[in-house]
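First comes the structure, then the notes that go with it.
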Amino acid sequence: MASTQSVDGNGRGSVRKVAAAALPEKQVIRVRAPLTGELLGEVPVLSAEQVQATVDRARAAQKAWAELSFAARGAKILGFRDALVDHAEELVELMARESGKPRQEGILHEVAIVADIATHLAKVSAGILAPEKRSSHFFPYSLAVVEYVPRGVVAVIGPWNFPLQLNLRDALAAVMAGNAVVVKPSEVTPLIMLRAKQIWDACGMPEDLLGVVTGFGPTGSALIDAGVDLVIFTGSVATGRKVAAACGERLIPCVMELGGKAPLIACADCDVERTAHAIVSGGFANSGQVCISVERVYAHSDIYEELVDRVSELANKLRFGDPVEDFADYGAITFPKQIEVAERLIADALGKGAELRAGGKRVQGVPNAFEPTVLANCDHSQLVMTEEIFGPIVPFMRVSSADEAIRLANDSHLGLNAYVFTEDPERGREIAGKIQAGSVMINDVLINAAIGETPFGGIKQSGFGRVRGPEGLRQMCHPKTVCYERFKMPRQHPLAFPYTERTYTFLLRALRSLYRKGGALERLRRWL
Ligand code: NAD
């Protein structure tokens, strides 16, 4: 893998050609800064053989790693965390160049979250993955222990919007659970993960335990083909379908973290100022390139005008800048094709009666940056209310009741995050209960993805399986059941061969006496 490292040690993005220099042009990813077009690095497109070799090395490294205690694994992972934190500014600067994201977001959404994930996993994994005793009421003489056994090699296939956080979030959980991991970062932002890999190697982590394979879709495909034991995929619905189909073909378990279309319901009693600030940070952080961005607002008509006005005012105040040079509120659109999506959705909405209240176009003189955009008078005939935007647009629709807002919020093929703003906590919980989504936040936005204690993931076409929380960590293992006797049984089990009329009659009587209301099982239960 040494040949894939093309980032300078100082992370300032100057180009250092490595073995990849010998590759023909189409086998190289030329990584350019989205804001300036500056060439930041060249990364090889790995062949299926190179991917297979990386998986094989990871599998070999996993054996010794899985033998370590949780305490020993945790200590190593904390060492990696410390090294990342030591390199925080350099990593933030590289992300500012490669993704065009503001430095504050690089620190908070990427490095700090990864540092917290490592800290949390090191603390809780032993407890969450400890063997559990279970007793059987069907065969009361039998006891069982459920052990959480690492799966082997976990493949993490990641997107470009949080190129450090999302890849390391899943990689660290996989490794803490005793697996090896091979990460396939997005071809749009591969440099940051390669730099993280250099830091991993330099801080004394077993080198082959974490592999990084660079390339386009076929490299991700080759990773699934290379005999991995679990795939954690984060990306678009369209690619997710292909990845899930490939996993199905090979019967590999997979977790799908796909797109979102998060609705925000602003109730008549919401605190308008608070809601407006939340919409602005939830809609425009990372220029809206967040799977849980506020992608549509259903505002009660009592507060609709005031809320749209205030959000538009705040959106207009956001400052564009080159995040490498200054502390801008927003920088580049990382993947310039998203600008075409934004322009198409805005044109469609305006053509169908929406009103532009803020933004609506590229930043003047900067082709790959887009103004924070607010649209009013939207409805579900407009694509901006139904398709994933993944850009800095917040469309507003007026509603006359919470029930109408809930119906519209659920009128989507996606179901990742949702938001409710109300000053009545009970009403907030009631509305949250009726929304079809993996997570619902009341009076807050975005932060649930950073909470280590709770599962994160979607329903409908937003995916399946969970990351984070005990649910996510346990998914990195397969639960193995080991049964043993509570007390010594006769050598020949009384219900095994030979089958006789006597045992049949016994079973029939037992069935009737146990499985009836008020039957023996109900009485026995308290003893078992
Ligand atoms: P994408 O689907 O285009 O690519 C994701 C990854 O899949 C990339 O590394 C890509 O190279 C790889 N890939 C492409 N084809 C493949 C194939 N056939 N087999 C295996 N791998 C393949 O997604 P993107 O544009 O990078 O990311 C944006 C999308 O990700 C948005 O829809 C967003 O909502 C979603 N996302 C979801 C979450 C979540 O947690 N649910 C988080 C972030 C982003």
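The values are calculated or read from the model by the stated rules, or taken from the named source; none is laboratory data. All values derive from a computational prediction rather than experimental measurement. A quick note on method: Cβ atoms are made from the backbone with ideal geometry, for glycine too, and the neighbour counts reach across all protein chains shown. Just the protein is used for accessible areas: all its heavy atoms, side chains included, with ligands, DNA and RNA removed. Shrake-Rupley method; radii C 1.70, N 1.55, O 1.52, S 1.80 Å.
Considering segment 456-475 alone, what residues qualify as being surrounded by fewer than 19 Cβ atoms within 10 Å (Cβ to Cβ) and either assigned to a loop (DSSP other than H, G, I, E, B) or more than 16 Å from the ligand (Cβ to nearest atom) (or both)? Once the filter is applied, which keeps residues that are surrounded by fewer than 19 Cβ atoms within 10 Å (Cβ to Cβ) and either assigned to a loop (DSSP other than H, G, I, E, B) or more than 16 Å from the ligand (Cβ to nearest atom) (or both), segment 456-475 yields P470, R474.
Scanning segment 476-528 for residues that are touching a strand residue (DSSP E or B) at 6+ places or on another chain (Cβ under 8 Å) and open to solvent by less than 100 Å² (accessible area, probe 1.4 Å) yields M476, C477, H478, P479, K480, T481, V482, C483, Y484, E485, L528. Beta carbons closer than 8 Å, at least 6 apart along the sequence or on distinct chains, never pair a first residue in segment 54-65 that is without any contact (Cβ under 8 Å) to a residue 24 or more places away in the chain and under 14 Å from V175 (Cα atoms) with a second that is open to solvent by 70 Å² or more (accessible area, probe 1.4 Å) and not aromatic (F, W, Y). The set of residues in segment 114-146 that are open to solvent by less than 40 Å² (accessible area, probe 1.4 Å) and over 16 Å from A450 (Cβ atoms) comprises A122, S125, I128, L129, A130, S136, S142, L143, A144, V145, V146.
So, S281, is that one of a type in the set (S, T, Y) and within 12 Å of the ligand (Cβ to nearest atom) or not? Can you show your working first?
Working: of a type in the set (S, T, Y): yes; within 12 Å of the ligand (Cβ to nearest atom): no.
Taking the combined requirement at face value, the residue does not satisfy it.
Pairs linking a residue in segment 454-483 that is within 22 Å of N417 (Cβ to Cβ) to a residue that is of a type in the set (S, T, Y) and within 11 Å of the ligand (Cβ to nearest atom), with Cβ atoms under 8 Å and 6 or more positions apart or on different chains, are T454/S439; F456/S439.
Filter segment 315-345 down to the residues that are in a loop (DSSP other than H, G, I, E, B) and over 20 Å from L40 (Cβ atoms), then identify the one that is nearest to the chain's Cα centre (by Cα). Before you say what the answer is, go through the steps one by one.
Taking segment 315-345 first, the residues in a loop (DSSP other than H, G, I, E, B) are 318-319, 321-329, 331-336.
Going one step further and asking which of them are over 20 Å from L40 (Cβ atoms), we end up with 318-319, 327, 329.
Working: L318: 27, R319: 28, F327: 27, D329: 24 Å.
The qualifying residue nearest to the chain's Cα centre (by Cα) is D329.
Pairing each residue of segment 174-192 that is not assigned by TED's automatic domain parsing to the domain that holds R59 with any residue that is of a type outside the set (V, I, T) and not in a strand (DSSP E or B), provided the two are 6+ apart or on different chains, yields no C-beta distance under 8 Å.
Would you check if V145 is assigned by TED's automatic domain parsing to the domain that holds S236, closer than 30 Å to A226 by Cα and either more than 13 Å from the ligand (Cβ to nearest atom) or touching a Gly at 6+ places or on another chain (Cβ under 9 Å) (or both)? So V145 does not fit the description; no.
State whether the residues of segment 335-347 include one that is away from the ligand (no atom under 15 Å from the Cβ), buried (at least 21 other Cβ atoms within 10 Å of the Cβ) and not small (G, A, S).
So the first thing to find is which residues in segment 335-347 are away from the ligand (no atom under 15 Å from the Cβ), and the list is 343-344, 346-347.
In the following step, the residues that additionally are buried (at least 21 other Cβ atoms within 10 Å of the Cβ) were identified as 346.
Filter once more, keeping what is not small (G, A, S): 346.
Yes, segment 335-347 has at least one match.
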